[in-house]
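Data block below; observations after.
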Amino acid sequence: MRLYCYCKKCKAEIITTKNYSDRGELSMYEGRDIALTCDACYQKDSYHPNDLIAEIRKSVIVVALLVFFITGGAIAFLFFGFYTDHLLSESSAAFLSDSFVFVVLPFVLFGLIIGMEKRKVYLFNVYRIKR
Ligand SMILES: [Zn+2]
């Protein structure tokens, strides 16, 4: 999970990577004062878990895009093979109406991967601990 907060001194964004599902877990393992150093002004300060905000990791978007292109490419390849084999057959119309499901599959997978990450980010951000 990618977390960020704003530097207390210069307001620059401080980015850190932690693998906790919510702020309760974060404070349980790292305490109520999380020491972070600003990359812009090198000021080391402690931040409350509520100050840290989760955001979607870029790597997840990359993975989702890869899955999209791989499944999309595989389906396009299969379709191309089917077309060249069955171009003149009568069953191709029926096949095409049934196979609409496969055309939307890359979009569904892409949405699922992004959706899962969005949900994790949402669950982290919605849960605040007592100060
Ligand atoms: Zn700073």
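Where Lys and Arg each count +1 and Asp and Glu each count -1, what net charge lies around Glu30 among other residues with Cβ under 13 Å from its Cβ? Can you show the working numbers first?
Values: positive: Lys18, Arg23, Arg32; negative: Asp22, Glu25, Asp33, Asp51.
With Lys, Arg at +1 and Asp, Glu at -1, the neighbours total -1.
Test of understanding: ordering Phe102, Phe110 by Cβ neighbours within 10 Å, fewest first, what list do you get? Don't jump to the answer; show the numbers that get you there.
Working: Phe102 13, Phe110 20.
Fewest-to-most ranking of Phe102, Phe110: Phe102, Phe110.
Would you please classify the overall shape of the range 2-55 from the alpha carbon gyration tensor, given that a ≥ b ≥ c denote the square roots of the eigenvalues, rounded means a/c under 1.5, and beyond that prolate means a/b larger than b/c while oblate covers the rest? Provide the component values of the computation, followed by the final result.
Values: a/c = 2.31, a/b = 1.68, b/c = 1.37.
Judged from the Cα gyration tensor, the range 2-55 comes out prolate (a/c at least 1.5, a/b above b/c).
If the convex hull of the alpha-carbon atoms of the range 1-91 is projected onto planes in all directions, what is the mean projected area in square nanometres?
Result: a mean projected hull area of 9.3 nm².
Please list the helices of the chain that count as membrane-span-like by this rule: a mean Kyte-Doolittle hydropathy of at least 0.0 together with Cα atoms stretching 24 Å or more along the helix axis, each helix being a complete DSSP H run. Don't jump to the answer; show the numbers that get you there.
On the way: long enough: 58-86 (41 Å, 1.68); 100-126 (37 Å, 1.57).
Span-like helices, by this rule, are 58-86, 100-126.
FYI, it's all coordinate maths here, none of it is from the lab. This one's a predicted model, so the numbers in the text were calculated from it and none came from an experiment. Glycine gets a Cβ as well: all are built from the backbone with ideal geometry, and neighbour counts include every protein chain shown.
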